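Since the structure comes first, as structure tokens, the remarks are kept for the end.
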């Protein structure tokens, strides 16, 4: 007998047949979510876990570096809020890319992307950006796109 509480651990049991573009793979992709707002981190974590991603979390620059340093495996995607206390998300992405050059990066913010790029001196054409608030389906679509894109940086920023 299947109990409702077990569905949180097996989300594919809730899905109708044929709704997934691919079967669950034997290797789980890892996403590091960095956002200083705990409620945002929790929501993003829950959405990504329902899609069978492994999720690491951090609230700021220093914690993200510590999480990355402790993690034994590869981090596939950095999902990061641009506006962090202290050092910003763009600086953090460059620091993490210096250690993991194949890392894909998705920036999120409640502010307009082009304006933020100017204020952080970021190249507008070299970033993936998702504006808050976003629907869960759009988050999942963007994450899948970045993880399936060809090339080591998948259109993300460079560590330079």
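The values are calculated or read from the model by the stated rules, or taken from the named source; none is laboratory data. For clarity, every value in this text was computed on a predicted model and none was experimentally measured. Positions of Cβ are backbone-derived with ideal geometry, glycine not excepted, and every protein chain shown enters the neighbour counts.
Look at residue 52 and say whether it is under 21 Å from residue 135 (Cβ atoms) and at pLDDT below 50.
no
Is it true that some residue in segment 74-89 is at pLDDT below 95, part of a helix (DSSP H, G or I) and within 20 Å of residue 37 (Cβ to Cβ)?
yes
I'm trying to understand the selection: among the residues of segment 36-61, which are more than 17 Å from residue 146 (Cβ to Cβ) and assigned to a strand (DSSP E or B)?
Across segment 36-61, the qualifying residues are 57, 58.
Would you tally the residues in segment 94-119 being farther than 17 Å from residue 138 by Cβ, at pLDDT below 90 and touching a strand residue (DSSP E or B) at 6+ places or on another chain (Cβ under 6 Å)?
Result for segment 94-119: 1.
Collect the residues in segment 58-108 that are surrounded by fewer than 19 Cβ atoms within 10 Å (Cβ to Cβ) and in contact with a helix residue (DSSP H, G or I) (Cβ under 6 Å, 6 or more places away or on another chain), keeping them in residue-number order.
Matches in segment 58-108: 86, 87.
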